[in-house]
1. Using helices alone, I'd like the mean residue ellipticity at 222 nm for the chain: each DSSP H run of four-plus residues gives -39500 (n - 2.57), total over residue count, nearest 500.
2. Under 8 Å for C-alpha pairs, at least 6 residues apart: give me the relative contact order for the chain, rounded to a whole percent.
3. Starting from the amide H of SER123, placed 1.01 Å from N in the peptide plane, find each other amide H under 5 Å away whose residue is 5 or more places distant or on another chain.
4. Quick one: what are the phi-derived ³J(HN,Hα) couplings along the stretch 89-96, Karplus 6.51/-1.76/1.60 with θ = phi - 60°, whole Hz, x for glycine and proline?
5. Between LYS177 and ALA108, what FRET efficiency comes out of the Förster formula 1/(1 + (r/R0)^6) with R0 = 30 Å and r the beta carbon distance, rounded to 0.05?
6. Could you order peptides 106-117, 36-47, 173-184 by the average number of other Cβ atoms within 10 Å of their residues, highest first?
7. Among 80-87, 97-104, how do they line up by average Cβ neighbours within 10 Å per residue, starting with the highest?
8. List the residues whose amide H sits under 5 Å from the amide H of LEU141, counting only those 5 or more places along or on another chain, with H placed 1.01 Å from N in the peptide plane.
Amino acid sequence: MFSQLRTFIKRKTSQQYKFDLQYARNQWDSMASLADLGRYSIIVGLVKYFCPGGRVLDLGCGEGILQEKFSPADYTHFTGVDFSRVAIDRASAKALPNTTYLVGDLNALDVPGVFDVIIYNESIYYMDDPEAAIKRLLPQLAPGGIIIISQVDKHGKEQTAMWDLLNPTLDLAARNKVTNAQGYSWTIHVYKPRQ
């Protein structure tokens, strides 16, 4: 009886359960609003500039909003991974032919394939050890490939600690900042593996 109770409590307090509940209650719907379009547009533009027609891995993809901003000709294959089964079910329901959506934990990710672009779109700060997770994925980044990381600037201030953490592993190739009409800002970095 006690072990069943412990299992129940662990499941109800898990990150996955919390995200599933938030998606089921439509608490992430604002991500698809016009207010976020600038951030998505920059990410799409960066993919098209650095790796046109590439294989894209979107980590923390939610309901597939970023993929919807691409034209199918912009990528060879699009793979989205998210912790939430609810979000992945919604993304899969509207997926295009060259698209795969998977439920997975970004902290211990096992995604088959090689990718030209790996994107952490508002997801890297949910990870236990972002630098270790990126290092694990580097063998799956194709030669000439890039990593795109977008972070919201909390309270209007850029969160530089994450960028400092990644500097020993990655070289900055491009940096963009976008602010919407409501005053929310995002900083978007493009990285290449350090040689």
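1. Calculated mean residue ellipticity at 222 nm is -9500 deg cm²/dmol.
2. Averaging sequence separation for qualifying contacts and normalising by length gives 18 percent for the chain.
3. Excluding prolines and chain starts, which carry no amide H, the hits are SER150.
4. Once rounded to whole Hz, the list reads 4, 5, 5, 5, 5, 10, 5, 8.
5. Using R0 = 30 Å, I get an efficiency of 0.45.
6. Numbers: 106-117: 15.5, 36-47: 19.7, 173-184: 13.2.
Per-residue Cβ counts within 10 Å, averaged per peptide and sorted highest first, yield 36-47, 106-117, 173-184.
7. Working: 80-87: 23.0, 97-104: 16.1.
Top of the packing list down: 80-87, 97-104.
8. So LEU141 has HN proximity to PHE115.
Taken together, the values in this text are just the output of simple stated rules run on the coordinates, not laboratory data. Given the structure is predicted, the values throughout are model-derived calculations rather than measurements. Positions of Cβ are backbone-derived with ideal geometry, glycine not excepted, and every protein chain shown enters the neighbour counts.
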